[in-house]
Every structure is written in structure tokens, then in C-alpha cells.
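Undergrad: One structure coming up, written as C-alpha cells, with questions to follow.
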């Protein structure tokens, strides 16, 4: 199974991170996008506001499973 690191960018130099540093996929999204009502990581990826680095197949698996939405929403809600 692939490992994933989630990053929510609050501002330059300030990120909320969950997951290992050596992850197969790194998903990054701005706080304003992840905390918006109706946030959908699939739509954010298609619009280019959600960025991903690493294995594309693993990215699509995590988006399809709903794990990305859950993890990013939780990170966005942290103080």
C-alpha cells in the first residue's frame, strides 16, 4: 500500500502536515480551499488548487477512497 502525506498550507512557511516525510504521494492544498463549504478534493485537483507529487495511481486511489477528503478536512479544522 502506498503512503500519503497531506499538507494544508496556512501561509508561506506555515503548513499543517500529516503523514511520513518519505511518502509515495504528497498532497498539498491551501487552507482557504480545504476549509471551504463543500470542499471536494477531486474538484480541487481538477481546478489545480490541490497539488500532488508522486505516484499518480496512488493519488487517484486515495481520492476515490475518500481518505484524502477526510484527512484534509481534519487538518484544515485544526487550530
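Here, each number is a calculation from the coordinates, and none is a lab measurement. Note that the structure is predicted; figures quoted are calculated from it, not measured. Glycine gets a Cβ as well: all are built from the backbone with ideal geometry, and neighbour counts include every protein chain shown.
Undergrad: Hey, rough spin-label estimate for residue 56 and residue 2, points 7 angstrom out along Cα→Cβ, what's it come to in nanometres?
TA: For the pair residue 56/residue 2, the computed spacing is 1.1 nm.
Undergrad: A further question follows. Tell me what the chain gives for mean residue ellipticity at 222 nm when only DSSP H runs of n ≥ 4 count, each as -39,500 (n - 2.57), the sum divided by the residue total, rounded to 500 deg cm²/dmol.
TA: When only DSSP H runs of four or more count, the value is -11000 deg cm²/dmol.
Undergrad: Then there's this: Can you compute the FRET efficiency between residue 78 and residue 37 using 1/(1 + (r/R0)^6), with r the Cβ-Cβ distance and R0 = 25 Å? Round to the nearest 0.05.
TA: Working from the Cβ atoms, E equals 0.90.
Undergrad: Now a separate question. How would 7, 78 line up from fewest to most surrounding beta-carbon atoms within 10 angstrom?
TA: Ranked by crowding around the Cβ, least crowded first: 78, 7.
Undergrad: Let me ask something additional. With springs only between Cα atoms under 10 Å, which of 69, 36, 58 fluctuates most in a Gaussian network model of the chain?
TA: 36
Undergrad: Note the listed values (1) 0.98; (2) 1.20; (3) 1.41, then indicate which one is Cα Rg over 2.2 N^0.38 Å calculated from this particular structure.
TA: (1)
Undergrad: When the label point is put 7 Å from the Cα of residue 70 along its Cα-to-beta-carbon vector, which residues of segment 33-49 have a backbone N closer than 20 Å?
TA: Under cut-off, by backbone N: 34-36, 38-45.
Undergrad: Top mean-square fluctuation among 30, 20, 41, Gaussian network model of the chain, C-alpha springs under 10 Å?
TA: Most flexible of the set in this elastic network: 20.
Undergrad: So in the chain, what percent of DSSP beta bridges are antiparallel if you round to the nearest 5?
TA: Antiparallel bridges make up about 60 percent of those DSSP assigns within the chain.
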